[in-house]
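Chemist: The following block contains the structure, expressed as structure tokens.
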Amino acid sequence: MSSTRFTKQNIIAQLEQLRVLPILVTDDVDQAIRCVTTLAENGLPAVEITLRTPNAMTVLREVVKACPTVTVGAGTILTQAQLDAVKETGAAFGISPGITPVLAKAAAESGLPYFPGVGGASDLMLALEHGFDVVKLFPSDIVGSTKMAKALGGPFPDVRFCLTGGVTVESTPALLQQSNVLCVGGSWMCPASLINAGDWTAIASLAAAAAQAAKK
């Protein structure tokens, strides 16, 4: 694993280019590898694998090994123990739905490229105290989406946001018009129903449409 390829700056640059980050929820290693490969082949070579399933850490580790050309990160990091385990898998980055002082400090010290979640100004001030100026706005659709991003851009002009929560392929182009939105994230291009059905053709089509929506 090339440590230079997965610097925070390089990951941000890739997200800046792709504008869409697929969020994958699956507990099956083979399905995950097939899904990540399909996403990458159809214009989305970066993915967040959530830690929402019992076997998620194994899934993450195996996908990292099987898909060396894909930027594979971990989402739903809630504790320092999970952060440490994610780093051991060789994942490229970590994402949390929120932020706590303990986790923010651990992430800042870990060396793992990391994007905490924020829901407003206080969260964002805590993130900035620990050096995080690229953050996940979550749940985006509940806390105001681009209206919130625009409002926070006043007092925090150097912060950039990844909007996740309620994002669709239809809403993607408009969301990306907001100048301080780096990217959007979602699972609409790899829903559990299609993964479980093994419908990789449908996932390929959804991935290609998502990649195209980011360019509008």
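The values are calculated or read from the model by the stated rules, or taken from the named source; none is laboratory data. Treat the numbers as computed from the prediction; the structure is a model and nothing was measured. Every residue, glycine as well, gets a Cβ built from its backbone with ideal geometry; the counts of neighbours run over all protein chains shown. Heavy atoms of the whole protein, side chains included, go into the accessibility calculation; ligands, DNA and RNA do not. Shrake-Rupley method; radii C 1.70, N 1.55, O 1.52, S 1.80 Å.
Chemist: What are the ³J(HN,Hα) values, in whole Hz, obtained from phi via the Karplus relation 6.51 cos²θ - 1.76 cosθ + 1.60 with θ = phi - 60°, for each residue of the stretch 127-143 in sequence order, with x given for Gly and Pro?
Modeler: My calculation for the stretch 127-143 gives 4, 5, 4, 9, x, 9, 10, 10, 9, 8, 8, 8, x, 3, 5, 7, 8 Hz in order.
Chemist: Now for a different question. Between THR7 and LEU128, take the C-beta separation as r, use R0 = 35 Å, and let me know the FRET efficiency to the nearest 0.05.
Modeler: 0.95
Chemist: Which pairs in the list LYS8/LYS216; LYS87/LYS215; LYS105/LYS215; LYS8/LYS136 are over 24 Å apart, alpha-carbon to alpha-carbon?
Modeler: LYS8/LYS216; LYS87/LYS215; LYS105/LYS215
Chemist: Suppose only helical runs count, i.e. DSSP H with n ≥ 4. What mean residue ellipticity at 222 nm does that imply for the chain under -39500 (n - 2.57) per run, divided by all residues and rounded to the nearest 500 deg cm²/dmol?
Modeler: One gets -13500 deg cm²/dmol as the mean residue ellipticity at 222 nm.
Chemist: List the residues whose amide H sits under 5 Å from the amide H of GLY186, counting only those 5 or more places along or on another chain, with H placed 1.01 Å from N in the peptide plane.
Modeler: LEU21, ILE23
Chemist: Suppose each label sits 7 Å from its Cα in the direction of the beta carbon; what would the ALA192-GLN17 distance come out to in nanometres?
Modeler: It works out to 3.4 nm between the two label points.
Chemist: Can you tell me the accessible area per residue over the stretch 1-157, all protein chains present, probe 1.4 angstrom, in square angstrom?
Modeler: Solvent-accessible surface per residue comes out at 43 Å².
Chemist: Rounded if a/c is under 1.5, else prolate if a/b beats b/c, else oblate: with a ≥ b ≥ c from the C-alpha gyration tensor eigenvalues square-rooted, which is the stretch 77-168?
Modeler: Note, shape of the stretch 77-168 comes out prolate.
Chemist: In straight Cα distance, which aspartates and glutamates are under 19 Å from LYS65, not counting same-chain residues fewer than 8 positions off?
Modeler: Partners found: ASP27, ASP28, ASP30, GLU41, GLU48, ASP84, GLU88.
Chemist: Now, a different point. Can you pull out the trypsin sites (Lys or Arg not before Pro) in the stretch 1-59 that DSSP calls coil and that have at most 16 other Cβ atoms within 10 Å?
Modeler: Those that pass, being in a loop and sparsely packed, are ARG5, ARG52.
Chemist: List every residue whose amide H lies under 5 Å from the amide H of LYS136, counting only residues 5 or more places away in sequence or on a different chain, with H placed 1.01 Å from N in the peptide plane.
Modeler: Long-range HN contacts for LYS136: GLY117, VAL118, CYS162.
Chemist: Given a 1.4 Å probe and every protein chain left where it sits, what share in percent of the accessible area of the chain is carbon and sulfur?
Modeler: Looking at the chain in its full context, I get 54 percent from C and S.
Chemist: Between the stretch 31-104 and the stretch 163-216, how far is it from one alpha carbon centroid to the other, in angstrom?
Modeler: Taking the Cα centre of the stretch 163-216 as reference, the centre of the stretch 31-104 is 18 Å away.
Chemist: Okay, next question. When a/c reaches 1.5 or more, the comparison of a/b and b/c decides; with that in mind, is the stretch 93-135 rounded, prolate or oblate per its Cα gyration tensor?
Modeler: Prolate is the answer for the stretch 93-135, as a/c is 1.5 or above and a/b outweighs b/c.
Chemist: Oh, and also: Highest first, please rank the peptides 61-73, 36-48 by the mean number of other Cβ atoms sitting within 10 Å of their residues.
Modeler: Per-residue Cβ counts within 10 Å, averaged per peptide and sorted highest first, yield 36-48, 61-73.
Chemist: To continue, here is another question. Counting each pair of different Cα atoms once, what's the Kirkwood radius of the stretch 159-216 in Å, rounded to one decimal?
Modeler: 12.0
Chemist: Starting from the Cα of ALA208, step 7 Å along the direction of its Cβ; do the same at ASP28; then give the gap between the two resulting points in nm.
Modeler: The answer from the label model is 2.4 nm.
Chemist: Here's another thing I want to ask about it. Could you tell me what fraction of 2.2 N^0.38 Å the Cα radius of gyration of the stretch 35-114 comes to, as a two-decimal ratio?
Modeler: The value comes to 1.06.
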